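The values are calculated or read from the model by the stated rules, or taken from the named source; none is laboratory data. Everything numeric here is computed off the predicted structure, so don't read it as measured data. Note that each Cβ is placed from the backbone with ideal geometry, even for glycine, and that neighbours are counted across all protein chains shown. Just so you know, the surface numbers come from the protein's heavy atoms only, side chains and all, with ligands and any DNA or RNA stripped out. Shrake-Rupley method; radii C 1.70, N 1.55, O 1.52, S 1.80 Å.
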Amino acid sequence: MRPVYLLGVGAHPWGKWPEKTQIALALHAMGAALKDAALDWKDLQGLVAASSRFEGGMGWGLHANEAVQAVAERGIACVNVGGACAAGAIAFHTAHMMVASGQYDVMAAMGAERMPKGFIPRPPGSADDISDSDYLRWVTMGATNPAYWAMETRRRMHDFGTSAETLAAASVLMRRNAVHNPNARFRTASTVGEVLASPVVSDPLHLLEICAVSDGAAAVILGTEAQARRAGGPMIQVAASAIATGTFGDPAARIPTVSATPRPGVPHTSEVVSAVRRGWEIAGVGPGDIDLIEIADNTAWHILAWPEFFGFHAPGESDRRLADGEFEIDGSLPINPSGGFLSFGEATTAQALMQVCELGWQLRGQAGGRQVPDARIAMSAVLGLGANGGSVVLKR
């Protein structure tokens, strides 16, 4: 396996873009990533696309082939992958392996999504395919996403005494970080009082403590060391890319049921924890080596819980660390300098690739007002329906 380097990153800003097609969002991100890498479509040897759940594309819900047919039919390899909200991480992992194997020298991974309003419908299809009552009755057995997150939050409050103010402070941190991110959808700073005054969605979670759904797109270009040196910019190596699925005995509340069979020694959100630990093993690093993390903060609870699950510190410690400023951009463990999902809103298949874009900008020193000082090793972590997890470690 040969080393793989980040050649370019690009994104379309997150928001709601009803006037733009999904493929237009994807091509915007791809164009930005190729420009960043000083490459053109003709230089690509392959493209991996994270599948779209909500727009059917060419019949299989994927768009890699649509992209190349739109701009550059040159016979390149096209791979289309799934994995729900972790699809971007799986697309990245696939492109990474295609370069690391020696078969390809320049690969791209992209994801683009236009999300329906309201509840995320299942099974896949447009929002018209399933009603809210159908969703509640047949798909989630009475619980939508915020209800699952609320149960986990309430358990944390019981176990560790986490206060409503602490949860709100986690959201405040995300919104403050996003003020400096031109790609974030929500860029207005908030206060603890404003968060707590927002409507309760699922007790104890307020509207400003859960992520919205958004439209967006992101892309990355990966290549060999020779390609990276030819580009002449900072050498950002993919120290590790890991994906994983859930482990039986995981105590997490899961869609489509809230039941579980907890077993001793099985970590909470095991698909993500396993990917993170595998990534650290491959990269030869540990929690003390990480300069910043980008995690899937579907709620304020995730900001507090996930660093504990990964082993950055003991269970229950995040409340104090948040209050002490350790999760700030200039703290000992900056969490989501981008502003995270709480500030972007989730564009499912693109989200994990946007995380990698942010890691790249941070390690290059191109993150502007959200720049983490002297960042050299950065990692991501993402969760997808179906117990899919992914993690990427980049190093400068």
Margin query: If the reach is capped at under 29 angstrom between alpha carbons, list the lysines near residue 395, excluding any in the same chain fewer than eight residues apart.
Written below: 35, 42
Check: Taking the Cα atoms only, what angle lies between the long axis of helix 300-310 and the longest principal axis of the chain, rounded to 10 degrees?
Finding: 70
Checklist line | Cut-off under 5 Å, modelled amide H: who pairs with residue 16 long-range | finding: 215
Check: Averaged per residue, what accessible area in Å² does the chain show with a 1.4 Å probe, protein chains only?
Finding: 38
Notebook entry, point to check: aspartates and glutamates within cross-link reach of residue 20: Cα-Cα under 20 Å, excluding same-chain residues under 8 positions apart?
Noted result: 55, 66, 113, 128, 215, 346
Notebook entry, point to check: Per-residue ellipticity at 222 nm for the chain, helices alone: DSSP H runs ≥ 4 residues times -39500 (n - 2.57), over residue total, nearest 500 deg cm²/dmol?
Noted result: -10500 deg cm²/dmol
Margin query: Taking the Cα centroid of segment 137-204 and of segment 208-237, what is the distance between the two, rounded to the nearest whole Å?
Written below: 27
Item checked: Contour excess over end-to-end distance, with Cα ends at residue 163 and residue 187 and 0.36 nm allotted per residue -> 6.1 nm
Next item on the list: List every residue whose amide H lies under 5 Å from the amide H of residue 336, counting only residues 5 or more places away in sequence or on a different chain, with H placed 1.01 Å from N in the peptide plane.
Entry: 293, 294, 295
Margin query: Helix 348-364 against the longest principal axis of the chain: what's the angle in degrees, Cα atoms only, rounded to the nearest 10?
Written below: 70
Notebook entry, point to check: For segment 282-310 and segment 324-396, what is the separation of their Cα centres, given in Å?
Noted result: 9
Note to self: Using only Cα atoms and rounding to the nearest 10 degrees, what angle (0 to 90) does helix 87-100 make with the longest principal axis of the chain?
What the structure shows: 40
Check: Which whole-Hz couplings ³J(HN,Hα) result when phi for each residue of segment 213-219 is put into the Karplus expression 6.51 cos²θ - 1.76 cosθ + 1.60, θ = phi - 60°, listed in order with x for Gly and Pro?
Finding: 10, 9, 9, x, 7, 8, 8
Notebook entry, point to check: Which value in nm describes the separation of the simple spin-label points at residue 200 and residue 289, placed 7 Å from the Cα toward the beta carbon?
Noted result: 4.6
Check: Of the peptides 31-43, 88-100, how do they stack up when ordered by the mean number of other Cβ atoms within 10 Å, highest first?
Finding: 88-100, 31-43
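Which peptide among 188-201, 64-77 comes first, and what is the full order, when sorted by highest mean count of other Cβ atoms within 10 Å?
Top to bottom by mean Cβ count within 10 Å: 64-77, 188-201.
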Notebook entry, point to check: Residue-wise, which Karplus ³J(HN,Hα) couplings in Hz belong to segment 32-39, taking 6.51 cos²θ - 1.76 cosθ + 1.60, θ = phi - 60°, and x for glycine or proline?
Noted result: 5, 5, 5, 4, 4, 8, 6, 10
